[in-house]
Amino acid sequence: MKSEEHRTVIGKLAQGALDSKTLPETIDIWDLEKEYGELRNRSLNCQPEKMAEWGSCIVKRGNKLNFLHKVIGWADGVDPACPVDHPEHCGAYVGFAHTHLPADLGPYPGFSAMDFGASISDGDNLSLVCNGKMVFGLVRTADCTQKRRAVPSKEIEAWEWLFAKQFELIFRKKTFRSTTWDRAMLSIALLDVNILLCQKLGFALYEGYWAQPLCLVFRPVKGENMPDKTEPGSKHSKKDIEMNSNNGPRVRDDSKFRSLVSKAQRWMKDHGANEDPIEWKEIVRLKKENSQWKTGASSGSSDRKSVVKKLAGRIRLVTNHMGQLIEDHLSPLSFELEPAPVVSPALGDEGRPEPQRKKWILDDREFGCRIELIISWNKTDEVVIACEMHWDSDVSSRAVPARLRYEFYDLEKSRTMGTGPLSDLDEIKKYPLKAGSWLLRIRSAEDENPKTWEVPLSIEAGGENDVWTFHE
């Protein structure tokens with residue numbers, strides 16, 4: 001029997017009333033196990049030529065989640081059998097669940113761009129997808145997730161490009177060694193884009209093995225979702241309105257997405273990544289670990305009094321002359337920001353991309369604060385850095401340092417290269433950082449109970465031929 005706490009969580013989830021700060025670390029959606037199992041079996045346990053995606057609306061009946069209006073799709077997608085406001089939903093529509101068939105060389109994790117678009121256009125409070133072994137969930141939060149709105153086809157295309165863009169790191173490699181991270185590159189790319197779109201749209205992301213509670217992968221931060229090119233209330237084409245109106249659902253068409261995954265799988269196999277890749281769940285665990293703070297001794301400092309918090313992972317970036325910033329392996333997850341309003345003259349040629357900007361939100365729950373770090377491309381071998389520290393509203397004013405200072409420590413030369421008040425490290429002034437191995441320190445200036453946060457940074461300059469584009 002489910003606990004009272006579980007029923008409360010499911011009740012709030014079904015209404016889209018869960019708050020981002022109080023999201024549970026796990027959710028149990030397995031009232032759906034029998035019905036979802038039937039869809040999974042129909043999708044995967046049949047002759048290859050008969051395999052197809054299956055889907056169903058999710059509704060709440062009493063204290064339980066149920067399926068209603070199950071429907072068969074095709075190999076690359078499924079079209080819900082009814083509109084969101086169908087009378088049989090009785091106003092209790094929760095969301096949509098469906099299956100994904102394997103790509104050419106096996107199953108792949110997460111949601112496609114069309115899945116995200118459908119979840120917004122249908123106003124889903126819970127979206128589920130199963131690839132056979134694992135289940136992934138998008139959960140609406142009351143304070144972060146975008147309202148139900150029409151999603152234009154151009155916006156979907158932009159999201160599809162995000163997937164292709166992340167795969168650049170795969171396609172620019174000439175060979176794949178049989179190392180854990182080389183074999184995990186496809187899964188890492190899919191994870192990063194799923195979280196990027198969750199951040200953009202304000203969804204929480206959950207994942208887990210079949211019939212086990214789903215674990216929280218990404219918690220959206222209020223105010224951090226990226227601005228949309230098409231805002232609610234703006235003009236849409238007749239086609240967009242028809243696709244997203246209350247009179248009809250959005251099709252979950254994964255053909256482009258599945259084709260791209262298949263290409264990446266074949267590319268990796270042809271270039272040496274022949275072993276089974278690391279589990280997505282393990283990648284999630286390591287990404288989370290690398291985004292956490294650990295207490296330890298300060299690197300290259302004689303300060304023994306300060307409580308030192310060190311970021312477990314290193315932020316690794318490769319730059320090139322085209323304004324691109326590519327993250328390597330398991331760097332703590334970043335959010336891509338809109339390009340800076342002022343574009344470097346070096347990138348003024350038509351057809352060249354605007355310089356990339358990335359943002360990291362590094363939460364320190366022990367001290368009730370977060371460091372927000374923005375790194376922007378500046379030159380082929382240089383980035384500029386802005387940094388702010390924010391404190392939770394429930395942290396006592398006496399616990400908030402009155403003065404904070406930053407310091408950039410060169411790990412290769414074993415010396416401090418720049419220092420000053422943290423307030424000077426804003427988006428206007430910023431700090432230029434050459435390629436190298438660095439440590440960003442943020443120190444409180446109090447004599448009693450001083451604190452230091454350390455963020456390892458690695459900046460590598462790519463060659464002139466390192467232009468990372470996706471080619472069909």
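Quick look at the numbers
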| quantity | calculated |
| --- | --- |
| Some residue of the range 327-347 being of a type in the set (D, E) and modelled with pLDDT of 80 or more | no |
| Within the range 113-125, tally of residues that are touching a strand residue (DSSP E or B) at 6+ places or on another chain (Cβ under 7 Å) and more than 25 Å from E282 (Cβ to Cβ) | 6 |
| Scope the range 80-129; condition within 18 Å of L201 (Cα to Cα) and of a type outside the set (A, V, I, L, M, F, W, C); matching residues | G95, G110, S112, D115, G117, S119, S121, D122, G123, D124, N125, S127 |
| Among (1) under 30 Å from K288 (Cα atoms); (2) in contact (Cβ under 8 Å) with a residue 40 or more places away in the chain; (3) basic (K, R), the one test that K12 misses | (2) |
| Total residues in the range 14-34, condition in a helix (DSSP H, G or I), buried (at least 17 other Cβ atoms within 10 Å of the Cβ) and either in contact with a Pro (Cβ under 9 Å, 6 or more places away or on another chain) or not aliphatic (A, V, I, L, M) (or both) | 3 |
| Restricting the range 47-58 to residues that are assigned to a loop (DSSP other than H, G, I, E, B) and touching a Leu at 6+ places or on another chain (Cβ under 9 Å), the residue that is surrounded by the most Cβ atoms within 10 Å (Cβ to Cβ) | E53 |
| Any hit, the range 429-443, residues being in contact (Cβ under 8 Å) with a residue 12 or more places away in the chain and at positive phi | yes |
| Of all residues in the range 398-420 being touching a strand residue (DSSP E or B) at 6+ places or on another chain (Cβ under 9 Å) and among the hydroxyl-bearing types (S, T, Y), the one that is nearest to P450 (Cα to Cα) | Y406 |
| Single unsatisfied condition, L411 versus (1) without any contact (Cβ under 8 Å) to a residue 40 or more places away in the chain; (2) out of contact with any Cys (no Cβ under 8 Å at 6 or more places or on another chain); (3) under 23 Å from I326 (Cα atoms) | (1) |
| P80 vs. criteria under 24 Å from F218 (Cα atoms) and in contact (Cβ under 8 Å) with a residue 60 or more places away in the chain | no |
| Qualifying residue in the range 108-131 (condition: surrounded by fewer than 22 Cβ atoms within 10 Å (Cβ to Cβ) and modelled with pLDDT under 90) | no |
| Of all residues making up the range 380-402, the number that are touching a residue at least 40 places away in the same chain (Cβ under 8 Å), out of contact with any helix residue (DSSP H, G or I) (no Cβ under 7 Å at 6 or more places or on another chain) and either among the hydrophobic types (A, V, I, L, M, F, W, C) or over 17 Å from K429 (Cβ atoms) (or both) | 8 |
| Whichever residue in the range 137-154 is assigned to a loop (DSSP other than H, G, I, E, B) and among the hydroxyl-bearing types (S, T, Y) and, among such residues, is farthest from A17 (Cα to Cα) | T145 |
| Identity of the residue in the range 205-224, aromatic (F, W, Y) and under 12 Å from the mean Cα position of the chain (by Cα), that ends up modelled with the highest pLDDT | Y206 |
| Total residues in the range 39-58, condition in contact (Cβ under 8 Å) with a residue 24 or more places away in the chain and charged (D, E, K, R) | 3 |
| Failed item, numbered, when V139 is tested on (1) closer than 19 Å to V251 by Cβ; (2) touching a residue at least 40 places away in the same chain (Cβ under 8 Å) | (1) |
| Subset of the range 423-446 (residues that are of a type in the set (A, V, I, L, M, F, W, C), out of contact with any Asp or Glu (no Cβ under 6 Å at 6 or more places or on another chain) and surrounded by 20 or more Cβ atoms within 10 Å (Cβ to Cβ)) | L425, L433, W438, L440, I442 |
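Let's see how each residue does on (1) within 24 Å of W159 (Cα to Cα); (2) among the aromatic types (F, W, Y); (3) part of a loop (DSSP other than H, G, I, E, B); (4) without any contact (Cβ under 8 Å) to a residue 60 or more places away in the chain:
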| residue | (1), (2), (3), (4) |
| --- | --- |
| K60 | no, no, no, yes |
| V84 | yes, no, yes, no |
| H98 | yes, no, no, no |
| Y108 | yes, yes, yes, no |
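The values are calculated or read from the model by the stated rules, or taken from the named source; none is laboratory data. In this text the structure is predicted, and so the values were computed from the model without any measurement. Glycine gets a Cβ as well: all are built from the backbone with ideal geometry, and neighbour counts include every protein chain shown.
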